[in-house]
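The structure appears right after this line, and notes come after that.
The values are calculated or read from the model by the stated rules, or taken from the named source; none is laboratory data. Source: prediction; values computed, not measured. So basically every Cβ, Gly included, is an ideal-geometry build from the backbone, and we count neighbours across all protein chains shown. Surface areas here come from the heavy atoms of the whole protein model, side chains and all, with no ligands, DNA or RNA. Shrake-Rupley method; radii C 1.70, N 1.55, O 1.52, S 1.80 Å.
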Amino acid sequence: MFTKKWAAATAAVVGALLLSSCGTSSSGGSGSTNGGASGGGAITLGFAQVGAESGWRTANTKSIQESAKTAGIDLKFSDAQQKQENQIKAIRSYIQQKVKVIAFSPVVESGWETVLKEAKTANIPVILTDRAIDSPDKTLYKSFLGSDFVKEGQKAGQWLTKEFASATGDVNIVELQGTTGSAPANDRKKGFGDVIAADPKFKVVASQTGDFTRAKGKEVMEAFLKSQSKIDVLYAHNDDMALGAIEAIEGAGKVPGKDIKIVSIDAVHDGMQALADGKINYIVECNPLLGPQLMDLVKKVAAGQEVPARIETEETEFDQAKAKTALPQRQY
Ligand code: GZL
């Protein structure tokens, strides 16, 4: 006699069998049209990282890896050693693996349309983190999560104009730019330049890329010290280049933070220590801890939910006193 009780028990067993069968593949091989695992399997996220060029990047990578673990997201991670062709290769491999979502920090702003169109054709949503792209086609990615680099450059310029408000003669500035063609380098240069343009005493006498690394920052600063008769200020697009430049300045027998004032961006631990020690004068923060927000975005995008086109991170600025207070509990 097929009672109601039997019917309920049968339905429960059939339901459980159905769920477990469609959740078997965690790498999205289940043939689902939108790639990635469907049903009960973990979401697979393919992340193509820029590289490991700076303290900021190390902190950013740690945040992404730890947050994926906490969120139960199956993370496939690649380091492109700051080469665009390696990032494109990684994105293509994620497409072949049919991951559920792709995220990456574009090492430079241009040259992404082709590979992002391939991801779109494969019905795999893309999230940009940290750095932006210059493509006008906003359908190539679901969201951008990161900083406003123009604002960061403006903050550095505003500090400088205050610091040198009473200066009468020329204020000679040398600039260590980030990676050529990258959004942070382009925008930090623009933001800073727009602010100091208000007063002709501010002169950028030399500006060159240090590729966001300590070694290159030192090398380029050594060249600046040889070629420039008077340097009053160094504007570095990140702390790692500023720290390399400090080695060059000390090697030339000058006192960083006094003979040459230094304003930098990031606020990573070693930069904050140099600020506390008076070797750097001011740092504009750029927050690398994007992991938790990224995983939240990944889950929403994987579920087909609408997400904001742009999510800007909270950031502050540090002078010496504020750095000394913040250092002990800093996460990076
Ligand atoms: C900024 C990030 C930059 C950092 C550098 O969001 O892309 O790249 O400022 C890092 O330290 O190398």
Most packed first (mean Cβ within 10 Å per residue), the peptides 129-137, 314-322 order as 129-137, 314-322
Among A276, A309, A242, the residue with the largest mean-square fluctuation in a Gaussian network model of the chain built from Cα contacts under 10 Å is A309
Note, segment 255-268: 3J(HN,Hα) by Karplus (6.51, -1.76, 1.60, θ = phi - 60°), whole Hz, Gly/Pro = x, goes 9, x, x, 10, 5, 10, 6, 10, 10, 9, 9, 2, 6, 7
Shape call for segment 149-286, from the Cα gyration tensor axes a ≥ b ≥ c (a/c under 1.5 means rounded, otherwise prolate when a/b beats b/c, else oblate), comes out rounded
Expressed per residue, the solvent accessible area of the chain in Å² (1.4 Å probe) is about 45 Å²
Listed by chain and number, the residues whose amide H is under 5 Å from that of I262, excluding neighbours fewer than 5 places away on the same chain and using placed H, are L234, G257, N281, Y282
Carbon plus sulfur, as percent of the 1.4 Å-probe accessible area of the chain, comes to 54 percent
Checked against a 25 Å limit on the C-alpha separation, the offending pairs among K62/K100; K230/K258; K142/K189 are K142/K189
Given a Förster distance of 30 Å, the FRET efficiency implied by the Cβ-Cβ spacing of K89 and Q208, rounded to the nearest 0.05, works out to 0.55
Computed, not fitted: 222 nm per-residue ellipticity of the chain from DSSP H runs ≥ 4 (each -39500 (n - 2.57)), nearest 500, equal to -13500 deg cm²/dmol
If the chain between E66 and K190 were fully extended at 0.36 nm per residue, the gain over the current Cα-Cα distance would be 41.3 nm
quick note, the chain, DSSP beta bridge pairs, % antiparallel (nearest 5) is 5 percent
Of 139-145, 72-78, 267-273, ordering from highest average Cβ density within 10 Å down gives 267-273, 139-145, 72-78
